[in-house]
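Q: Sharing a structure here in structure tokens format.
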């Protein structure tokens, strides 16, 4: 890693894009890796597709059961989350854009106003009819009490986690802020993402086109490797703390 340290050592503004790979060390499986959720069970991807979720009450019931046992509820931030949190509270101007819904960046200590959740959060539910939002803990308590598919208490509509499913658009205000953060940094770190889900992955091109150094930290090749300044295959839990140490050192 020493030979590419100069790529980021002098950066005073950093934007980070994190994908599922950053949370695997916390016990949360990724989606498309060798042991990924969708690799092992391709049918599970249907539960993340908006149209299927709305149309199939049985699928929603399975989704609620899956939420009850989601490993994120008990997961703790790992070394990579903690390193990025230390960067975010340093003199280096830092934004963390995440595709993850687990809020481990928040738990690690990254200020909430420096985290942009592109795909929403699993900690809230939203009604697809009236847009009422409430705590996921309340909805899960109703499931534990026997409601297989809890409906909105305000209008009776379908409830879903406050995440962006396949078939749903991103929040355009959040994405605009993310694009501005990508365009305005000196160093753009893409960590633990396959960079195949758009438009999130396109933030790499936004940063590179604006003149930032693009460093990709990921086990496998990505579509954006060809425009990267540096590519790091070292495990994320080792690579990210080392990068942050260089930035702060």
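The values are calculated or read from the model by the stated rules, or taken from the named source; none is laboratory data. All values reported here derive from a predicted model rather than from experimental measurement. Glycine also receives a Cβ, built like all others from the backbone with ideal geometry; neighbour counts cover every protein chain displayed.
Every residue, every condition in (1) under 19 Å from residue 84 (Cα atoms); (2) surrounded by fewer than 20 Cβ atoms within 10 Å (Cβ to Cβ); (3) touching a residue at least 12 places away in the same chain (Cβ under 8 Å); (4) touching a helix residue (DSSP H, G or I) at 6+ places or on another chain (Cβ under 6 Å), yes or no:
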{"site": "189", "(1), (2), (3), (4)": "yes, no, yes, no"}
{"site": "193", "(1), (2), (3), (4)": "yes, no, yes, no"}
{"site": "205", "(1), (2), (3), (4)": "no, yes, yes, no"}
{"site": "208", "(1), (2), (3), (4)": "no, yes, yes, yes"}
{"site": "214", "(1), (2), (3), (4)": "yes, no, yes, yes"}
{"site": "217", "(1), (2), (3), (4)": "yes, no, yes, yes"}
{"site": "221", "(1), (2), (3), (4)": "no, yes, no, no"}
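Q: In region 160-249, which helices (runs of 4 or more DSSP H) lie fully inside it and hold 3 or more residues that are closer than 28 Å to residue 136 by Cα and at pLDDT 95 or above? If you could, list the steps in order and put the result at the bottom.
A: Numbers: elements: 172-183, 203-209, 236-248.
Passing ranges, in order: 172-183.
Q: Within region 159-183, how many residues are out of contact with any strand residue (DSSP E or B) (no Cβ under 7 Å at 6 or more places or on another chain) and surrounded by 13 or more Cβ atoms within 10 Å (Cβ to Cβ)?
A: 7
Q: From (1) closer than 26 Å to residue 180 by Cα; (2) touching a residue at least 24 places away in the same chain (Cβ under 8 Å); (3) surrounded by 19 or more Cβ atoms within 10 Å (Cβ to Cβ), pick out the condition that doesn't hold for residue 78.
A: Exception for residue 78: condition (1).
Q: Could you check residue 97 against (1) more than 19 Å from residue 180 (Cα to Cα); (2) in contact (Cβ under 8 Å) with a residue 40 or more places away in the chain and say which number it fails?
A: (1)
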